[in-house]
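In what follows, a structure is listed as structure tokens, so that the remarks can point back to it.
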Amino acid sequence: MTTIASNLQSVRERIARACAAAARDVNEVTLLPVSKTFGPDAVRAAYAAGETAFGENYIQEAVDKQALLADLPLQWHCIGPIQSNKTRLVAAHFDWAQSVDRLKIAQRLSEQRPEGLPPLQVCIQVNIDGGPTKAGVAPDEALALAREVARLPRLQLRGLMTIPEPSEEYAAQLAVHRRARALFDALCDTGLQLDTLSMGMTADLEAAIHAGSTMVRVGTAIFGTRAKRA
Ligand SMILES: *Cc1c(COP(=O)(O)O)cnc(C)c1O
């Protein structure tokens, strides 16, 4: 078994244990392996071990990698910052965009989504812990943005995505993930049809699952430590 295959098995076991501890069905939580900075061979190893969806942060890197993996039936999630000049690439090359945090970006993605493709699946990124320089819409603006995005013809709004500040403490991780879950529930209560709360990474997936995450995005625990980008 490759290292990636055995790492994946460990991550799936962590998810299963966290679900059991939270009395949740393991099928409620999707694992999204995050392959940023790793090459196509790493993706192939994860695919051979049963994974078909991958998260990428850097759009050009992802598009180049996708071209080398075109023989595999993969689904791609954009989880990194989306600037206006990158929306056309995201609209054409990804299945999901989880990091939408402005109406202008959402409008461009909808306008630029190619005719032959199904609607782009979208999450709104929320700056749940209020870091002043961080990406993400403020929690109190999430509902208004969600309503606008839900109306765009070539997008399908699926839910929210968060990237809280790292904390070593389980209780602190849990508290911030619970705020995200409460916001998600509040949006659902207004009638928005959402099924995805994307939160939890290598260091905090247990707390995220405890709080009600439906998708954990895991890089390091599957692919190893990333080299710093130049
Ligand atoms: C890199 C990244 C991840 C994965 O982080 P790990 O700590 O390596 O699991 C998840 N989500 C986003 C948005 C990321 O940029």
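The values are calculated or read from the model by the stated rules, or taken from the named source; none is laboratory data. Because the structure is predicted, anything quoted here is derived from the model rather than measured. Using ideal geometry, Cβ is built from the backbone for each residue, glycine included, and neighbour counts are taken over all protein chains shown. Areas reflect the complete protein model, heavy atoms only, side chains present, ligands, DNA and RNA absent. Shrake-Rupley method; radii C 1.70, N 1.55, O 1.52, S 1.80 Å.
The condition (being over 16 Å from residue 158 (Cα atoms) and within 16 Å of the ligand (Cβ to nearest atom)) is satisfied by just one residue among 104, 86: 86. Considering segment 142-166, the residues that are assigned to a loop (DSSP other than H, G, I, E, B), in contact (Cβ under 8 Å) with a residue 12 or more places away in the chain and more than 16 Å from the ligand (Cβ to nearest atom) include one that is surrounded by the fewest Cβ atoms within 10 Å (Cβ to Cβ), namely 153.
When residue 182 is tested against (1) away from the ligand (no atom under 16 Å from the Cβ); (2) open to solvent by less than 70 Å² (accessible area, probe 1.4 Å); (3) modelled with pLDDT under 95; (4) not polar (S, T, N, Q), just one condition goes unmet, and that condition is (3).
Kindly check whether there is at least one residue in segment 128-137 that is charged (D, E, K, R) and touching an Asp or Glu at 6+ places or on another chain (Cβ under 6 Å). Yes; the residues of segment 128-137 include at least one that is charged (D, E, K, R) and touching an Asp or Glu at 6+ places or on another chain (Cβ under 6 Å).
When residue 31 is tested against (1) under 17 Å from the mean Cα position of the chain (by Cα); (2) outside any strand (DSSP E or B); (3) surrounded by 18 or more Cβ atoms within 10 Å (Cβ to Cβ), exactly one condition is not met: (2).
Going through (1) crowded, with 18+ Cβ neighbours inside 10 Å; (2) away from the ligand (no atom under 14 Å from the Cβ) one by one, residue 195 falls short only on (1).
Among residues of segment 206-227 being over 15 Å from residue 173 (Cβ atoms) and of a type in the set (Ser, Thr, Tyr), the one that is least open to solvent (accessible area, probe 1.4 Å) is 214.
The listed residues are 190, 133, and the only one of them that is more than 12 Å from the ligand (Cβ to nearest atom), at pLDDT below 95 and among the polar types (S, T, N, Q) turns out to be 133. Taking every residue in segment 54-80 that is more than 20 Å from residue 201 (Cβ to Cβ) and pairing it with any residue that is open to solvent by 70 Å² or more (accessible area, probe 1.4 Å) and in a loop (DSSP other than H, G, I, E, B), at least 6 positions away or on another chain, yields no pair with a Cβ-Cβ distance below 6 Å. Number of residues in segment 182-230 that are in a strand (DSSP E or B) and of a type in the set (D, E, K, R): the value is 1. Exactly one residue out of 97, 91 is within 13 Å of the ligand (Cβ to nearest atom) and touching a strand residue (DSSP E or B) at 6+ places or on another chain (Cβ under 8 Å): that is 97.
Residue 20: assigned to a helix (DSSP H, G or I) and in contact with a strand residue (DSSP E or B) (Cβ under 7 Å, 6 or more places away or on another chain), yes or no? In short, no. Can you report the number of residues in segment 26-53 which are over 17 Å from residue 228 (Cβ atoms), without any contact (Cβ under 8 Å) to a residue 60 or more places away in the chain and small (Gly, Ala, Ser)? Count: 5.
Among the criteria (1) in contact with a Phe, Trp or Tyr (Cβ under 6 Å, 6 or more places away or on another chain); (2) in a loop (DSSP other than H, G, I, E, B), the one residue 121 does not fulfil is (2).
For segment 39-53, taking the residues that are outside any helix (DSSP H, G or I) and open to solvent by 40 Å² or more (accessible area, probe 1.4 Å), the one that is nearest to residue 199 (Cα to Cα) is identified as 52.
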